[in-house]
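The values are calculated or read from the model by the stated rules, or taken from the named source; none is laboratory data. What you are looking at is a predicted structure, and each value in this text was computed from that prediction instead of being measured. Note that each Cβ is placed from the backbone with ideal geometry, even for glycine, and that neighbours are counted across all protein chains shown.
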């Protein structure tokens, strides 16, 4: 597996978009939580105030941190193991009979469960 971290040195900060969970609190306040960073929250009397406080909290946090993009390259493609046998019995003359047997057996098991 190959890992690479992409960093950029820009003079202007890129605009980032975040998903925010807005929750009304029992005390009438509104809490805004940044999804993916549950400890990054803002609390206010209105939704707008909660979002503003969340934004300030995130900006303060990013003053001493940075966001990077981590690209992971998988060294080999993992094949679905079921694909090796998919369609194996498509031309088997007893396939329909086997399916009927399975269905009947399942009905018997269901009847036994109902009797318990």
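Identify the residue in the stretch 49-60 that is without any contact (Cβ under 8 Å) to a residue 12 or more places away in the chain and over 12 Å from residue 20 (Cβ atoms) and, among all such residues, is surrounded by the most Cβ atoms within 10 Å (Cβ to Cβ). Explain how you work it out, then say what you get.
Initially, the stretch 49-60 is screened for residues without any contact (Cβ under 8 Å) to a residue 12 or more places away in the chain, giving 52, 59-60.
Keeping just the survivors that are over 12 Å from residue 20 (Cβ atoms) gives 59-60.
On the way: 59: 9, 60: 11.
Among those residues, the one meeting the criterion is 60.
For residues that are farther than 18 Å from residue 67 by Cα and surrounded by fewer than 17 Cβ atoms within 10 Å (Cβ to Cβ), tally how many sit in the stretch 24-42.
Total satisfying the criteria: 6.
Hey, among the residues in the stretch 78-97 that are assigned to a loop (DSSP other than H, G, I, E, B) and within 28 Å of the chain's Cα centre (by Cα), which one's modelled with the lowest pLDDT?
The residue in question is 78.
Go through the stretch 30-48 and give me each residue that's in contact (Cβ under 8 Å) with a residue 24 or more places away in the chain and either more than 24 Å from the chain's Cα centre (by Cα) or not assigned by TED's automatic domain parsing to the domain that holds residue 17 (or both).
Across the stretch 30-48, the qualifying residue is only 47.
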